[in-house]
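Participant: Just dropping this structure here.
The values are calculated or read from the model by the stated rules, or taken from the named source; none is laboratory data. A quick note: this is a predicted structure, and the numbers were derived from the prediction, not measured. All Cβ positions, even for glycine, are placed from backbone atoms using ideal geometry, and neighbour counts span all protein chains on display.
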Amino acid sequence: MEDLEKIVRCKWDTMTTVYSRSSVQVWFINIQGCDLAAVGVQNRSHIPDESFSAPNYWQESGFPSDFFSPKNARLNGDRYWAAANKNAPLYLQVDLLSLYMICAVATQGGTLSEYDTRVTRYKLSLSTTGSSWQIYQESGAEKEFQGNLDKPTVVKNALVNRPTARYIKFIPTAWDHWPGFRVEVFGIRQ
């Protein structure tokens with residue numbers, strides 16, 4: 001019941017009884033706008049540079065040393081995160097600074113015309129503490145999300161189970177040319 005109360009306190013549009021018996025009621029709750037509420041990953045005043053991390057990032061001569069840094073993995077930004085080694089552990093981690101009910105995530109590929117940097121498939125790992133992680137699952141199996149088929153298009157994916165997390169890892173599982181992307185998270189602060 002406590003979880004239900006948290007959800008209802010967020011922002012809801014309709015609450016419909018779908019089953020009722022003397023001592024049991026089951027409701028369907030439609031949470032209005034949850035997948036429209038950007039956490040603000042793309043905005044440095046909401047999620048600072050220090051909230052981004054990755055095991056490594058690409059550095060290339062002719063570019064500022066932090067051009068491909070994790071802090072640049074912001075949706076619609078002019079820079080992006082790109083891994084330095086595609087054979088090493090790969091992930092982009094974001095600290096959302098508060099607990100959120102996560103409703104959706106969005107990704108874009110890189111910004112440079114000379115590099116076809118984009119993640120075509122990825123998984124998510126979530127944590128409330130930053131020390132214990134769970135791969136996001138649907139129907140009892142790890143969910144692999146569709147990524148980007150081109151660089152500029154934003155691809156948004158809903159999280160059916162709407163987990164609660166403060167930390168989120170985007171884990172590339174397939175890519176074209178080189179793994180890298182820009183991201184946003186959608187959800188309601190808890």
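Participant: Taking the stretch 123-134 only, how many residues are under 23 Å from residue 82 (Cβ atoms) and surrounded by fewer than 14 Cβ atoms within 10 Å (Cβ to Cβ)?
Facilitator: 0
Participant: If residue 120 satisfies all but one of (1) closer than 23 Å to residue 76 by Cβ; (2) out of contact with any Asp or Glu (no Cβ under 8 Å at 6 or more places or on another chain); (3) modelled with pLDDT of 95 or more; (4) surrounded by 14 or more Cβ atoms within 10 Å (Cβ to Cβ), what's the number of the condition it fails?
Facilitator: (2)
Participant: While we're on this one: What are the pairs, 6+ residues apart or on separate chains, where a residue within the stretch 137-152 that is farther than 18 Å from residue 110 by Cβ has its Cβ under 9 Å from a residue that is assigned to a loop (DSSP other than H, G, I, E, B) and among the polar types (S, T, N, Q)?
Facilitator: 137/161; 138/161; 143/161
Participant: Got a number for residues in the stretch 59-90 being in a loop (DSSP other than H, G, I, E, B) and surrounded by 21 or more Cβ atoms within 10 Å (Cβ to Cβ)?
Facilitator: Of the residues in that region, 5 qualify.
Participant: Suppose we filter the stretch 162-190 for residues that are surrounded by 15 or more Cβ atoms within 10 Å (Cβ to Cβ) and either of a type in the set (A, V, I, L, M) or part of a loop (DSSP other than H, G, I, E, B) (or both); how many remain? Reasoning before the result, please.
Facilitator: In the first step, residues of the stretch 162-190 are kept if they are surrounded by 15 or more Cβ atoms within 10 Å (Cβ to Cβ); the result is 162-173, 175-176, 178-188, 190.
Those still in the list that are either of a type in the set (A, V, I, L, M) or part of a loop (DSSP other than H, G, I, E, B) (or both) too: 162-163, 165, 168, 171, 179, 183, 185, 188, 190.
Looking only at that region, the number is 10.
Participant: Report, by residue number, each residue of the stretch 114-143 that is under 20 Å from residue 57 (Cβ atoms) and either outside any strand (DSSP E or B) or in contact with a Leu (Cβ under 6 Å, 6 or more places away or on another chain) (or both).
Facilitator: From the stretch 114-143, those under 20 Å from residue 57 (Cβ atoms) are 114-120, 122-125, 130; that's our starting set.
Passing the criteria: 114, 115, 116, 130.
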